[in-house]
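Worksheet: one structure, shown below.
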Amino acid sequence: MKIVHILYFTEFAGTEKVCVDLCNTMSQNNEVFLLANIYDFQGNKITNYIENTVNFIDIETNKKRHNIFYLYKIAKILKNINPDVIHCHNTKMLEIMKYCQIFLPKKIPLVFTKHNWFIKKRMKYADLCVGISPETLKLCNAKNNILIENGIKFQQPKNILPNNIFNIVGVGRLEEHKNWQLAITALSQVNFDYRLYILGQGIYEQPLKDLIEKLNVADKVKLVGFVDNPWDYICSSDLQILPSRLEGFSLALIEGIYYGKMVFALDTANHREVLGDDFIIEDDAEKLAIKLDQVYLNYEEFNEKFARIKAESARFDINQVAKKYVDAYQSLLHKANVV
């Protein structure tokens, strides 16, 4: 099968990682093209993350979607590739793929993955919309809508943190809705020694630094920044915390299940469905502090409970996820041929 993925590359975060991992995996058995801008807003190159089995084409993604010359240029690229299906990862690129097809001799089926919780009317342009969690699936309004949970490419982790202290890790951008302020405030109230490592960067860095200073926990809370090896931190930690108030489907959750010893998260997206009641926390610093003290004192008990969740981690293997997408493409093509 000849597959085009198209992406507006703003930063190498969740959406970008899912797209790249799918491209790399699908290219093992299919002819895969990735159309995207080569540099993100921070100057990172997307080609650093894709394998040589993926055909990369650098395109301008900052052009207006109604620019007729731009649409024609994209259409020429698609005509030369002649793909069986186009998989879009941003609504802007979905709209561009819809409009540029006026220059093509035949319609190419459009697939769109709903990576976040924003309601977008343009999703209706897709022939198939994929929700990555039951909550995002409810937002999908294409002709056909299905659920395919996110997956990751599993790595071989290594221990990198000192094991003589209780290590806690958080993975995610430094934004207000990621709610790291909850974790920091709660941990300032616990009755045990710890180190919290928050992996990520973002616009909320200074307010978090101010909070750390105010609570006098600078020796315990480390804003590590962006790292290429979050699995090493997760593997080396005693628990992972995901206090985000809004999620589509967190890749950090998958990484925590596969690499970590246990994960605690707010009741958003499909966190309760995946983790169960024992590992759901409330958006209340005092209650979270009590919960963490309880976990620390009864660590082995929680570790045994989490082992049952880890036993299901194979479902998040990117190879399994990519197969579900390819099956969905084939089903879509079959329906198109029947019609």
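Some points to look at:
- Positive end of the dipole of the stretch 112-211 (Cβ unit charges, origin at the Cα centre): among N144, L174, I184, the Cα lying farthest that way belongs to N144.
- Antiparallel bridges, percent of DSSP beta bridges restricted to the chain (to nearest 5): 0
- With both labels modelled 7 Å from their Cα along Cα-to-Cβ, the K158 to R315 distance reads 3.3 nm.
- Cβ-derived FRET efficiency at R0 25 Å, I165 paired with D277, nearest 0.05: 0.30
- Cysteines in the chain that, by Cβ-Cβ distance, have no pairing candidate under 4.7 Å: C19, C23, C88, C100, C235
- Extension gain, D293 to I203: 0.36 nm times the residue separation minus the Cα-Cα distance gives 29.3 nm.
- The chain, helix-only ellipticity at 222 nm - DSSP H runs n ≥ 4, -39,500 (n - 2.57), divided by all residues, nearest 500: -11500 deg cm²/dmol
- Solvent exposure ordering (accessible area, 1.4 Å, most first) of K158, K291, K45, K114: K158, K45, K291, K114
- In straight-distance terms, cross-link reach from K214 covers every one of the lysines whose alpha-carbon lies under 25 Å from its own, apart from those fewer than eight places away in the same chain; here that gives K178, K222, K287, K291.
- Within a Gaussian network of the chain (alpha carbon springs, distance under 10 Å), most fluctuating of F112, F69, F306: F69
- Restraint check, K2/K76; K17/K261; K261/K323; K107/K335; K153/K305, Cα-Cα greater than 18 Å: K17/K261; K261/K323; K153/K305
- Separation of the N229 and R245 label points, Cα + 7 Å toward Cβ, nm: 3.5
- Between E31 and E51, the simple label model (points 7 Å from Cα in the Cβ direction) yields a spacing of 1.9 nm.
- Probing with 1.4 Å while keeping every protein chain in the model, the per residue accessible area of the chain equals 46 Å².
- Within the stretch 129-247: Cβ-based charge dipole about Cα centre, in debye rounded to nearest 20 (Lys, Arg +1; Asp, Glu -1): 200
- Spin-label zone in the stretch 99-143 - amide nitrogen under 11 Å from a point set 7 Å from the Cα of E175 along the C-beta vector: 116-118
- Pairwise FRET efficiency - R308 versus I77, Cβ, R0 = 45 Å, nearest 0.05: 0.40
- Rounded to the nearest whole Hz, the Karplus-based 3J(HN,Hα) values (6.51 cos²θ - 1.76 cosθ + 1.60, θ = phi - 60°) of the stretch 125-132 follow the sequence 6, 6, 7, 9, 10, 10, x, 8, with x at glycine and proline.
- Extension reserve of the E60-D267 stretch, reckoned as 0.36 nm per residue once the Cα distance is removed: 70.7 nm
The values are calculated or read from the model by the stated rules, or taken from the named source; none is laboratory data. All values derive from a computational prediction rather than experimental measurement. In this analysis, Cβ positions are derived from the backbone assuming ideal geometry, glycine residues included, and neighbour counts consider all displayed protein chains. Calculation scope for accessible area: heavy atoms of the full protein, side chains included, ligands and nucleic acids excluded. Shrake-Rupley method; radii C 1.70, N 1.55, O 1.52, S 1.80 Å.
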